[in-house]
Each structure stands twice: as structure tokens, then as C-alpha cells.
Amino acid sequence: MEPLTDKQIRSSFVNCTKGEAGRMRLPADFAELPWGDLDFLGWIDPGAPLKAHLVLPREDGLVGITLRVPSTGRTSAVKSSLCHACLTGHASSGVTLFAAPLAGTAGREGNTVGTYLCADLACPLYVRGKRQPKLRHGRYEENLTLEEQIARTMDNLSAFADKVLGLR
């Protein structure tokens, strides 16, 4: 992914107001992000830990999505869960259900769509082996090439973005 500016990020959001986009905090390590290893930008808002954000490059431009992070109780470290984007297996606490208000009128009326994603939104780093999930056996072995795994992750996130935009 090419490095993004603050302005590019804030102007990409489709399911929040311009004011909300202006108030969100960028990742704490924004200046040091490993852009070459990222296919999308995802982070938990450091100023509002129950909010998260995704910025996806798509053919029609950047699409930013604001997400709600549920406040959860204890989860079992024995169970495992699978991220619906990158298909990385985690201990159950490593995957979170993120809910996104729909874009436009439907979102203002309270309609949402959700998906299970890596709790730290670091899918590109898991796919590339730069970060390891907290499972006894690590990331599952696949026969797909790295490029195919990246394409699958982006296809899955693009399908989620389509739902937020009301295209599916």
C-alpha cells in the first residue's frame, strides 16, 4: 500500500460525518507504519477504544469505514476463532466482531453490518508472517501463494465494504 496522508484518510470515510472523521485519532505509530507490508490500514482509535477504522484501497478510490468494537467480557483462551478477512486462526480473544454503520440514510437510522476480524486489525502482517497469532500451532499452513492470500483478504474486505456501501 502506498503511504497515505492524514487528509486522504479522513476524506475517505463513507459511514461517519466529516466532524467524526476530523476528530478520530490516527494510529499512535502512524509515522512508523510499515506501508510496504500493508494492503489496507486498520486501527483501534487511541482516543476511543470502542471505535476502530479501516481504510481500503479500491479500484474506485479509498474507502474508509468506521467500526464499533463491542465491549466484551472474558473469553476462553482454549477456544479458537477465525478472522473472516485473512482466515488467520486466533485464540478466541484474538478475533472480534466489528460492527459498521451502513453508509447514508440506512446508517443514520441505526442499521449496521458486522464481520469477525483480527482484533488488532493486523491481517496483512499475519498473512505475511510478520506477526504470529497466539495459537499453539501458529498460523495454519495453506497451499495458496502469498499473493493469492493477499488477494483473498482484500476480496473479503471489499465484500464487507460493499455491504457497508449498500452495494450487496
Inset, instruction - Go through the residues of region 21-37 one by one and say whether even a single one is in a loop (DSSP other than H, G, I, E, B), basic (Lys, Arg) and at pLDDT 95 or above. - result: yes
Inset, instruction - Quick one: which residue in Thr105, Thr88, Thr96 is under 30 Å from Gly19 (Cα atoms), hydroxyl-bearing (Ser, Thr, Tyr) and within 17 Å of the chain's Cα centre (by Cα)? - result: Thr96
Legend entry - Residues of region 27-61 that turn out to be in contact with a helix residue (DSSP H, G or I) (Cβ under 8 Å, 6 or more places away or on another chain), among the acidic types (Asp, Glu) and surrounded by 15 or more Cβ atoms within 10 Å (Cβ to Cβ), as a count: 1
Legend entry - Options Ala85, Ala91, Ala151, Ala103: the member that is of a type outside the set (S, T, N, Q) and under 21 Å from Arg25 (Cα atoms): Ala103
Inset, instruction - Could you run through region 44-70 and say how many residues are in a strand (DSSP E or B) and in contact with a Leu (Cβ under 6 Å, 6 or more places away or on another chain)? - result: 5
Inset, instruction - Search region 17-35 for residues that are closer than 14 Å to Thr5 by Cβ and pair each with any residue that is of a type in the set (Gly, Ala, Ser) and part of a helix (DSSP H, G or I) when their beta-carbon atoms are under 9 Å apart and the residues are at least 6 apart or on different chains. - result: Ala21/Ser11
Legend entry - Residues of region 129-168 classified as modelled with pLDDT under 95 and surrounded by 17 or more Cβ atoms within 10 Å (Cβ to Cβ), total: 2
Legend entry - Qualifying helices (runs of 4 or more DSSP H) (wholly inside region 74-168; at least 3 residues being touching a residue at least 24 places away in the same chain (Cβ under 8 Å)): 123-127, 146-165
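The values are calculated or read from the model by the stated rules, or taken from the named source; none is laboratory data. Since we're looking at a predicted model, the values are computed, not measured. Because the Cβ atoms are built from the backbone with ideal geometry, glycine has one as well, and the counts that use them run over all protein chains shown.
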